[in-house]
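Have a look at the structure below before the remarks.
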Amino acid sequence: MGSILGGANQSHCTANLLRKRSFTVKTKAALVLTLTSDTSFTTICSVRGVYAMKLNNFKYQGSGLNRFFGPLEAKIMEILWDDSEEMSIKEVHGKLEGEKSLSFNTVMTVMNRLVEKGVLQKQARARSFAYSPVVSRGVFMEEQSKELTHDLIEEFGSLAVTHMMDALDKVDPKLLDQLEQHIHDLKKER
């Protein structure tokens, strides 16, 4: 946070972040950053309209959304991504009813935590709130894979790249052609 906010603002932002769990920063460059403090997420919701989320709790043993979320969080996100309309807690709870008996309050707590984490947004509706994902499933997965890849390369360097190259023998040849073109384009830019 120090590099974004600098000196005196850093301690003020940290104090507010600890108290409020969420803090919005408006900079002179018209960037709006919403920083959320949570045990599993550190979020930057919007930087010039571009969504970015950094997960601190990636689960290697899971699959799909369960690598990023708890089981109920993943089911809720699936429901909201599959349904293109905003949904109330009651509507989501109704779709979860067949899974196992969950209390309305449990679903409400989890959905509000997803709002705090910056994954969901909620809008006031007549006598309730409507929830919807901040970004599409595709954008979310793209951003998470980008962050994970960046972190692996930053931490393990050439070892990570070598292992990624070794894994390419199981990849569709069209993807290999795209990768080769991308590498060629990167070399041109340098």
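Side notes on the structure shown:
- Here residue 102 and residue 81 are evaluated by their C-beta separation; at R0 = 25 Å the FRET efficiency comes out at 0.85.
- Cβ crowding within 10 Å ranks 116, 73 as 116, 73, fewest other Cβ atoms first.
- Distance-filtered residues of the range 163-190 - backbone nitrogen under 19 Å, label point 7 angstrom along residue 141 Cα→Cβ: 168, 170-176, 178-179
- Full extension of the chain segment joining residue 159 with residue 132 gains 5.8 nm, where the gain is 0.36 nm per residue of separation less the Cα-Cα distance.
- Extension gain (nm, one decimal) between residue 59 and residue 116, 0.36 nm per residue minus Cα-Cα: 18.5 nm
- Neighbour-count order for 174, 117, 59, 95, fewest beta carbons within 10 angstrom listed first: 174, 59, 95, 117
- Mean shadow area of the range 97-181, taken as a quarter of the surface of its Cα convex hull (nm²): 9.7
- Placed amide H near residue 120: partners under 5 Å, 5+ positions off or other chain: 115, 134
Every number here is computed from the coordinates shown, using simple stated rules; none is lab data. Only a predicted model underlies this, so the values are computations on that prediction, with no experimental measurement involved. In this analysis, Cβ positions are derived from the backbone assuming ideal geometry, glycine residues included, and neighbour counts consider all displayed protein chains.
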